[in-house]
Every structure is written in C-alpha cells, then in structure tokens.
Amino acid sequence: MVRQRENIVATCLVSTLLALAAPAAEAQAPSGEPLRIGYGISQTGGLAPNGKSALLGQKIWEEDVNAKDGLLGRPVKLIYYDNQSNPATVPAIYEKLLDVDKVDIIIGGYGTNVLASAMPVVIQRQKLFIGLFGLAVNAEFSYPKYFSMIPLGPNPKSAQTKGFFDIATAQNPKPQTVAIVAADLEFAINASEGAREHVKAAALKIVYDRRYPPATTDFAPVVRAIQAANPDVLLILSYPPDSVGMVRAINEIGYKPKMIGGGMVGLQATAIKMQLGPLLNGFVNFDYWLPIEKMNFPGVSEFLTKYQARAQQEGVDALGYHIAPWGYSQLQVLQQAVAATKSLDDNKLADYIRKSTFKTLVGDVKFGPQGEWAESRVLELQFQHIRGNDLGQFKDLSTQVVIVPAQYKSGDMIYPYEMAK
C-alpha cells in the first residue's frame with residue numbers, strides 16, 4: 001500500500017509538472033494572425049538576377065524566424081510583388097500593400113531607382129523604410145525614417161567610387177586622364193557626381209563624360225567614342241544588361257585603357273561571371289561582401305549552406321555572395337528593432353534603429369546621418385586569371401582579388417589592364 005501511494009503521488013506530480021509546462025511551450029510558439037511585411041522586389045527585368053537572389057535570402061530569414069518564436073509571438077509572412085525592375089510600378093505596389101493588403105510593416109526592395117520611386121508614398125504615409133542597395137536615395141528627401149542597407153557610409157555618392165580612384169592614383173606612373181560613362185538613371189547619375197569629386201581632388205583631367213540612354217543595346221559606338229578620347233582610366237557606371245554589353249564591346253573592339261571598370265552593377269552575379277568568363281580579366285569593380293576570411297561573420301556560412309542547397313531549384317544566383325546575405329540582414333535589423341521595442345510603431349522603430357548597433361550576417365550595422373551607414377566599407381576587386389566559364393573558379397575567389405580597403409586585401413593589382421588580359 002505504501003508503494004502504491006508513492007506511485008500515485010509520483011504520477012500526480014509528473015502530471016502537474018507537464019500541465020504547468022504546456023502553457024509556457026505554447027506561449028513561445030508563433031501563433032495567431034501573421035505579422036505581415038510588405039515590399040516590391042525585382043523578379044523580372046534587368047534587376048531580376050539580384051532581386052531573385054535577395055528574395056531567397058529573405059525567405060530563409062522568414063523560415064528561420066518562424067522556426068523559433070516569430071516576431072512578437074506571431075508568425076511572420078512576407079508579402080511581395082514583382083516591380084519588374086520598373087520604377088513606374090513601385091508607387092502603386094506600396095499603395096496596394098498599405099491600403100489593400102493592410103501589411104503591418106513595409107521595407108524597401110532592391111536598387112536605387114525603385115527605392116527612390118517608393119519614397120513619396122513612404123513619406124506621405126510616414127512609414128519606416130529600410131532600403132536594400134540604394135545609392136544616396138535619401139539625399140534629396142532627408143526623411144528621418146529611412147535607413148539604407150548598403151555599406152557606403154555618410155557620403156554615399158563619393159564612397160561608391162572612392163576605392164576605384166584610390167587604386168588608380170596609387171599607380172606609378174599615376175594616370176592623368178579619365179573618362180566617365182554612365183547610364184542615364186539615378187544610381188549612375190549619383191555615382192558620377194561622387195566620381196567627379198575624386199577626379200578633382202586627384203588633379204586628373206576628364207576627357208569624356210557622357211550618359212547613354214537606358215534602352216541602349218549596342219555599346220560599340222559608345223566604346224569607340226571613348227577610345228577616341230584616349231583616357232588613361234575608364235569609369236563605367238552601368239546596370240546589369242549594360243555591364244554585359246560594355247564588357248563584350250570592349251573586348252570585341254580590343255580597347256585597352258590602363259584601368260577600367262569601377263561601378264558596373266551585375267558583374268557581381270554568378271551567372272553573368274560565368275557567361276563572360278575570361279572577358280572579365282583585368283576589370284576592376286565594386287562589391288559589398290565576399291566570403292573572404294575577414295568577412296566570415298557569425299551565421300553567414302550556415303546561411304550560405306542553406307541558400308546554395310536551394311539555389312538551383314529556385315532558379316537564382318548559384319553562390320549568393322553578393323546580395324543574398326544582405327537581404328537576410330535587412331530583415332535582421334527590422335527583427336531586432338521589433339523585438340527590442342516590442343512594437344510595430346514606425347516612430348518607435350525608427351528611433352531605436354537610429355541609435356542602435358545591429359548584429360547581422362554582414363557584420364555589425366550602425367546607421368548615421370540620412371539613414372546611411374555610419375562608416376563606409378566598399379570592396380574594390382579585380383578579376384584575374386579567369387580561364388573558362390565554370391562555376392568553381394568563382395566559388396573559391398581565386399579569380400576575384402580584393403585590392404582595397406587594405407584591411408580586406410587579398411591580392412595585388414595587375415596594372416595596366418592589358419597585362420591582365
């Protein structure tokens with residue numbers, strides 16, 4: 001009888017403990033109405049390669065958060081629409097997200113032009129807005145609730161091309177003349193403004209400075225006009241289709257300035273690198289993150305493992321080095337702000353983001369004036385020794401040598417350009 005009573009007491013005790021534990025477990029699991037985050041992002045058009053890669057990174061963030069506690073105890077749900085890489089579609093997308101979908105929070109899509117197009121709606125509705133890879137989007141608006149996930153620092157127009165001109169002016173003999181060719185769109189226009197500042201500071205002479213229409217497909221006449229001006233250095237500020245066209249035209253014509261590249265969007269995409277292969281040798285260009293040892297921030301290796309396992313099935317950039325970690329990190333900033341403030345209030349979130357430092361896949365993030373990063377961290381690399389078009393040589397970075405900044409340097413510059421061909 002004593003043993004029987006002990007068993008009954010033990011059984012009751014276990015039952016009581018399980019009953020007490022159950023509500024706590026249920027309270028931690030995401031439940032109820034999803035917390036909806038809305039945005040437009042390029043899935044077709046010229047910006048689609050990077051837009052698709054960013055979106056997969058964001059989907060992985062969504063899955064990771066929902067596998068834990070969600071946000072504010074609610075599951076998160078991304079509500080996104082294809083802006084077709086067309087800024088004209090953007091205002092209507094954000095109006096639909098806010099008025100029809102009734103999303104809780106909005107974020108920015110990818111790219112300067114589409115972010116700038118969203119700003120009037122964002123400002124009118126007084127919403128928090130975290131943009132992805134937008135160059136000096138807030139320079140004209142000075143909107144206090146805008147934040148930029150791009151490592152350009154407090155002087156973004158200047159920072160975009162600083163590394164390129166730092167490399168150029170370090171050469172011996174120093175180049176004397178510069179050509180600037182830019183797409184007639186906001187990113188390229190903003191970057192060319194900053195480039196002229198560097199040219200003036202270095203006492204270089206501009207011998208060609210022109211824009212080309214966004215619809216340009218034949219770049220041979222553009223390259224021949226630049227060749228006739230005979231600059232030592234050619235700065236190209238282009239979008240993905242243009243970047244491919246320029247690389248092909250330069251190689252077909254056999255044009256060989258002393259240094260070339262600088263601001264070519266699209267050359268970061270794995271598919272474009274594989275498509276162009278050895279035609280890229282010698283080009284110098286920017287990037288914002290690469291899996292070099294000094295940028296192996298906590299969590300990024302695990303993220304890339306997940307991303308690359310799904311990349312082929314999802315039809316996105318095979319490696320995800322350029323923008324995918326940034327798409328994830330964009331939402332990490334939002335996640336940490338919501339968790340800390342326990343709020344979805346745009347003003348409270350903006351105040352918190354403005355004064356805080358965030359732990360992300362791309363390192364510590366702190367914002368400064370105009371919502372830009374407090375410090376600049378733009379990589380400038382050179383394509384070297386590319387022999388074919390296979391994926392492997394772009395995965396191990398042996399063909400992409402970081403030249404500046406010094407703390408991330410992984411190799412030496414081959415100069416002039418002709419020596420790297």
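The values are calculated or read from the model by the stated rules, or taken from the named source; none is laboratory data. Source: prediction; values computed, not measured. Methodologically, a virtual Cβ is constructed for each residue, glycine included, from the backbone with ideal geometry; neighbour enumeration extends over all protein chains shown.
Structure summary
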item: Residue list for region 197-209, filter: surrounded by 14 or more Cβ atoms within 10 Å (Cβ to Cβ), charged (D, E, K, R) and not in a helix (DSSP H, G or I); result: ASP209
item: Test: residue in region 155-168 that is more than 30 Å from GLN227 (Cβ to Cβ) and either in a loop (DSSP other than H, G, I, E, B) or in contact with a Pro (Cβ under 9 Å, 6 or more places away or on another chain) (or both); result: yes
item: Filtered residue count, region 334-382, keeping only those that are closer than 18 Å to ALA136 by Cα and in a strand (DSSP E or B); result: 5
item: First in region 50-62 and within 10 Å of LEU331 (Cβ to Cβ), second anywhere and aliphatic (A, V, I, L, M) and in a helix (DSSP H, G or I), Cβ under 9 Å, 6 or more apart; result: GLY57/ALA324; GLY57/LEU331; GLN58/ALA324; GLN58/LEU331; ILE60/ALA324; TRP61/LEU331; GLU62/LEU331
item: Number of positions in region 391-404 that are in a loop (DSSP other than H, G, I, E, B), surrounded by fewer than 19 Cβ atoms within 10 Å (Cβ to Cβ) and not aliphatic (A, V, I, L, M); result: 2
item: Selection status of ASP104, in contact (Cβ under 8 Å) with a residue 24 or more places away in the chain, farther than 18 Å from SER42 by Cα, among the charged types (D, E, K, R) and surrounded by fewer than 24 Cβ atoms within 10 Å (Cβ to Cβ); result: yes
item: Residue match in region 405-415 (condition: surrounded by 15 or more Cβ atoms within 10 Å (Cβ to Cβ), more than 22 Å from the chain's Cα centre (by Cα), modelled with pLDDT of 95 or more and in a helix (DSSP H, G or I)); result: no
item: Where MET119 falls short, out of the listed (1) farther than 18 Å from ASP82 by Cα; (2) aliphatic (A, V, I, L, M); (3) surrounded by fewer than 24 Cβ atoms within 10 Å (Cβ to Cβ); result: (1)
item: Every residue from region 273-314 that is over 27 Å from ALA406 (Cα atoms), surrounded by 15 or more Cβ atoms within 10 Å (Cβ to Cβ) and touching a helix residue (DSSP H, G or I) at 6+ places or on another chain (Cβ under 6 Å); result: LEU276, LYS306, TYR307
item: Residue match in region 312-324 (condition: within 30 Å of GLN275 (Cβ to Cβ), touching a residue at least 40 places away in the same chain (Cβ under 8 Å) and either not in a loop (DSSP other than H, G, I, E, B) or not assigned by TED's automatic domain parsing to the domain that holds VAL76 (or both)); result: yes
item: Residue match in region 315-326 (condition: of a type in the set (D, E, K, R) and buried (at least 24 other Cβ atoms within 10 Å of the Cβ)); result: yes
item: Residue list for region 38-89, restricted to those being outside any loop (DSSP other than H, G, I, E, B), among the β-branched types (Val, Ile, Thr) and out of contact with any Lys or Arg (no Cβ under 6 Å at 6 or more places or on another chain); result: VAL65, VAL76, THR89
item: Qualifying residues in region 239-265 (those that are at pLDDT 95 or above and in a loop (DSSP other than H, G, I, E, B)) - the one nearest to SER301 (Cα to Cα); result: VAL265
item: Subset of region 266-303 that is in contact with a strand residue (DSSP E or B) (Cβ under 6 Å, 6 or more places away or on another chain) and in a loop (DSSP other than H, G, I, E, B) - its residue that is nearest to VAL365 (Cα to Cα); result: PHE297
item: Filter pass, LEU331 being of a type in the set (A, V, I, L, M, F, W, C), touching a residue at least 60 places away in the same chain (Cβ under 8 Å), assigned to a loop (DSSP other than H, G, I, E, B) and touching a helix residue (DSSP H, G or I) at 6+ places or on another chain (Cβ under 9 Å); result: no
item: Test: ALA179 is assigned to a strand (DSSP E or B), of a type in the set (Gly, Ala, Ser) and at pLDDT 95 or above; result: yes
item: Within region 218-236, considering residues that are under 25 Å from the mean Cα position of the chain (by Cα) and without any contact (Cβ under 8 Å) to a residue 60 or more places away in the chain, the one surrounded by the fewest Cβ atoms within 10 Å (Cβ to Cβ); result: LEU234
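The rows are residues; the columns are (1) polar (S, T, N, Q); (2) farther than 30 Å from VAL233 by Cα.
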{"residue": "ALA350", "(1), (2)": "no, yes"}
{"residue": "THR357", "(1), (2)": "yes, yes"}
{"residue": "PHE383", "(1), (2)": "no, no"}
{"residue": "ILE403", "(1), (2)": "no, no"}
{"residue": "ALA406", "(1), (2)": "no, no"}
{"residue": "GLU418", "(1), (2)": "no, no"}
